[in-house]
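Data block below; observations after.
The values are calculated or read from the model by the stated rules, or taken from the named source; none is laboratory data. Small disclaimer: the values here were computed from a predicted structure and weren't measured. Here Cβ is always computed from backbone atoms with ideal geometry, including for glycine, and neighbour counts include all displayed protein chains.
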Amino acid sequence: MSPVATGWICGNGRILCLPVASKIAGNRKEKVLSSEHTVKLAPLVREISWSNNIIIMEKCNDDLQREFYIQMVKRYGWTKDILSNFVECQTYEKYLLNQTNFELTLSEERRIQAKLAVKDEYMFDFAELSPEYSEHELEMQLINHIREFLIEMGGDFAFIGNQYHMLVGNRDLYIDMLLFHRRLRSLVAIELKIGEFEAEYAGKMQLYLTALDEQIKLPNENSSIGIIICKSKDKTFVEYALKRTNVPIGVVTYRLSASLPDNMKELLPSPEEIIEKLKFFEE
């Protein structure tokens, strides 16, 4: 694909219009694309389908957001329907808020892949729950909608079991949900909490991951990863809780509806920080 005056020529000869300054019908904001980002996106656009390109160009507001979705389509092979759903669920914004200790606990190669596997927030709008639901009810809804749950997790996850039992000494341990991530070749322990994150959850997850690595992990698999899914979290508190933890853990939240709260939008990093976060896609 090569840049043209107001668009790119795709491999099939079609022109994908990316105006330097264009107004979209309705209440869309005026979009201005810098020549620098246009040049960077041009070779990427050629690597995904025409229909996916149309969705990305119509629904994304800036080039960094477009680059994210193009890279995700390339990596995970999303169909246009799956892509459209992820864009509408604000996956890009949720990903940028990702909060883990992977920088301290994983090698560079695994850290890049693990960051792609964990979003800051998941949407469980498929769950049919009463206003006062329990952790067990949430777990059962995820199990009953396991296909939707695995899609929301982002692809490459396989379900192993729930209330996964291990024996440590004379104590029984039960992991809420145990998954396997194919690209990472790692067991992934999921702990569900319907309240705010507490520091002791990280300690409990550390015990789970140690037991998994000692008892369940196969010789050709990598060390296990933990994801604590809470209803809410204090980001600074999470940062302190994970700082001295020596196993890979991510702390995320879930919602039962699709919209991203306004206060979360204010937490999004600056464009310079976003560029740094997207660099590992190029590895």
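Annotations for the structure displayed:
- In a residue-by-residue description of the range 45-63, the property of being within 20 Å of Q113 (Cα to Cα), among the hydrophobic types (A, V, I, L, M, F, W, C) and outside the structural domain of R183 (by TED's automatic domain parsing) applies to no position.
- The listed residue being among the hydrophobic types (A, V, I, L, M, F, W, C), within 25 Å of I274 (Cβ to Cβ) and at pLDDT 90 or above, out of F102, F126, F149: F102
- Considering the range 44-60, the residues that are of a type outside the set (D, E) and in a loop (DSSP other than H, G, I, E, B) include one that is modelled with the lowest pLDDT, namely R46.
- Looking only at the range 164-197, residues that are without any contact (Cβ under 8 Å) to a residue 40 or more places away in the chain, under 13 Å from C230 (Cα atoms) and either in contact with a strand residue (DSSP E or B) (Cβ under 6 Å, 6 or more places away or on another chain) or not in a loop (DSSP other than H, G, I, E, B) (or both) come to 3 in all.
- Residue list for the range 198-222, filter: free of Cβ contacts under 8 Å to residues at least 40 places away in the same chain and polar (S, T, N, Q): T210, N220
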